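Note sheet for the following structure.
Every read-out reported here was derived from the displayed coordinates using simple, explicitly stated rules and does not represent laboratory data. Keep in mind it's a predicted model, so treat the numbers as computed, not measured. FYI the Cβ positions are ideal-geometry reconstructions off the backbone, even for glycines, and counts take in every protein chain you see.
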Amino acid sequence: MSTTREPLSAANAGTVTLGDLTVNRLGFGAMRITGDGIWGDPKDPAETKRVLQRLLELDVNLIDTADSYGPEVSERQIGETLAPYKAGLVIATKGGYVRTGPNQWKPNGKPEHLRAALEGSLKRLKLERIDVYQLHNAADPTTPLAASIGELAMMQSEGKIRHIGVSNFSVAQLKEALKMVKVVSVQNRYNLGDRASEAVLEECEKLGIPFIPWAPLGKSNSDATTALENVARRHGATTGQIAIASLLAHSPAMLPIPGTSKVKHLEENVAAAGIELSTEDRGDLGITN
Ligand SMILES: NC(=O)c1ccc[n+]([C@@H]2O[C@H](COP(=O)([O-])OP(=O)(O)OC[C@H]3O[C@@H](n4cnc5c(N)ncnc54)[C@H](OP(=O)(O)O)[C@@H]3O)[C@@H](O)[C@H]2O)c1
């Protein structure tokens with residue numbers, strides 16, 4: 001039987017640093033406070049507002065968003081609900097996609113696009129400087145990576161960006177970016193059923209920077225699902241909670257950002273920070289640490 005730490009707090013996950021900023025090691029992904037297909041307004045705006053307010057009570061002090069979520073909808077709600085921000089709250093946003101409709105994402109890493117995107121994010125988030133600005137992807141075939149990173153470096157030198165992060169990067173792309181700027185975090189898809197970014201996670205461990213797994217609850221393959229169900233039963237927890245706990249246990253560099261539009265789900269996800277996995281659990285889940 002496991003022990004779950006009280007009180008309900010993201011601080012139970014410990015902390016990580018993003019440059020000179022320290023945050024609890026369980027953040028919040030704000031992609032889900034939008035409509036279907038990450039497009040338009042959420043179905044229940046009053047509830048998504050409560051989610052944002054409840055985050056603060058649960059000591060979640062990293063919110064991940066992007067100009068493309070909605071588009072603009074996620075950032076606007078964060079700015080309208082939470083600004084002026086509580087001391088210590090870190091907002092990480094991203095640029096590098098344009099949206100043409102629900103579930104449609106087109107990479108755009110052109111310097112002029114990134115600059116316009118950042119200016120829009122500053123306005124919607126009601127900030128003069130973005131604490132962590134992430135290049136959302138390295139997938140724009142029409143723009144060399146160095147041009148995108150170079151523009152972020154320029155905006156950092158102008159005081160509009162405090163720290164630079166990257167997302168959906170390979171190890172080689174991360175190394176290329178590191179030749180130009182200090183990178184404080186990498187955000188790639190990672191969950192128990194999809195460990196394609198394991199090498200990127202290992203590189204983050206070597207560099208001593210957080211790896212932010214997106215889709216942490218993910219869709220698991222059948223082996224992973226069976227393991228999650230077995231461990232969840234032992235803990236009287238949900239499989240989603242064990243998925244989050246397993247990522248936290250797998251690596252101290254891991255900084256999960258589960259996303260939800262519902263207070264009840266947020267509370268469940270934060271409770272996962274207090275779940276202590278046994279050696280048997282770790283074995284079943286294939287966790288190496
Ligand atoms: N960098 C990138 O390219 C990229 C791509 C995707 C996502 N992200 C970031 O990563 C964050 C997390 O990724 P994600 O939102 O795709 O995946 P996720 O956090 O693994 O899963 C979110 C989904 O699970 C549901 N959910 C959350 N908590 C739950 C709970 N306790 N019980 C039942 N269902 C629950 C949510 O629906 P409800 O609203 O109903 O709870 C939502 O449909 C995003 O919010 C975003 O910030 C980044």
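Quick one: length gained pulling GLU202 to LYS123 fully straight, 0.36 nm per residue minus the C-alpha distance? The partial results should precede the final answer.
Details: separation 79, 0.36 × 79 = 28.44 nm, distance 3.57 nm.
Length gained between GLU202 and LYS123: 24.9 nm.
With no solvent and one equal point scatterer placed on each C-alpha of segment 10-282, evaluate the Debye formula and give log10 I(q)/I(0) for q = 0.08, 0.10 Å⁻¹, two decimals.
Per q value, in the given order, log10 I(q)/I(0) is -0.30, -0.47.
In whole angstrom, how far apart do the alpha carbon centroids of segment 17-85 and segment 224-252 sit?
With segment 17-85 and segment 224-252 each reduced to a Cα centre, they are spaced 25 Å.
How about LYS110: which lysines have a C-alpha closer than 27 Å to its C-alpha, ignoring those fewer than 8 places off in the same chain?
Output for LYS110: LYS94, LYS123, LYS126, LYS160, LYS175, LYS179, LYS182.
If you line up the long axis of helix 111-125 against the longest principal axis of the chain, both from Cα atoms, how many degrees apart are they, to the nearest 10?
Roughly 60 degrees, rounded to the nearest 10.
Going by how many other Cβ atoms sit within 10 Å of their own, how do SER222, SER74, SER251 line up, fewest first?
SER222, SER251, SER74
Run the dipole for segment 174-289 about the Cα centre, Lys and Arg Cβ at +1, Asp and Glu Cβ at -1, nothing else charged, and hand back the magnitude in debye, nearest 20.
360
Which distance in nm do the two modelled labels at LYS106 and ALA46 give, with both placed 7 Å along the Cα-to-Cβ direction?
3.8
For LYS106, LYS94, which order do you get if you count the other beta carbons within 10 Å of each Cβ and list the fewest first?
Working: LYS106 11, LYS94 27.
Starting with the residue having the fewest Cβ neighbours, the order is LYS106, LYS94.
Taking the chain as the reference, fit the longest principal axis to its C-alpha atoms, fit the long axis of helix 222-235 to the helix C-alpha atoms, and give the angle between the two in degrees, 0 to 90, nearest 10.
60
Place a label point 7 angstrom from the Cα of SER157 along the Cα-to-Cβ direction, then list the residues of segment 125-151 whose backbone nitrogen is under 17 Å away.
Within reach of a label on SER157, which here means backbone N under 17 Å from a point 7 Å along Cα→Cβ, segment 125-151 contributes 146-151.
What full-extension length gain, to one decimal in nm, is calculated for GLU267 and THR22 as 0.36 nm per residue of separation minus the Cα-Cα distance?
Details: separation 245, 0.36 × 245 = 88.20 nm, distance 2.18 nm.
Going from the current span to full extension adds 86.0 nm.
Suppose the chain between GLU57 and ALA87 were pulled fully straight at 0.36 nm per residue; how much longer would it get relative to their current alpha carbon spacing? Could the numbers behind the result be given before it?
On the way: separation 30, 0.36 × 30 = 10.80 nm, distance 1.31 nm.
9.5 nm is the gain from fully extending GLU57 to ALA87.
Let's see if you can work this out: charge +1 on each Lys and Arg Cβ, -1 on each Asp and Glu Cβ, no other charges. What is the dipole magnitude of the chain about its Cα centre, in debye to the nearest 20?
Numbers: 32 positive and 34 negative charges, 95 e Å.
Charge dipole of the chain: 460 debye, to the nearest 20.
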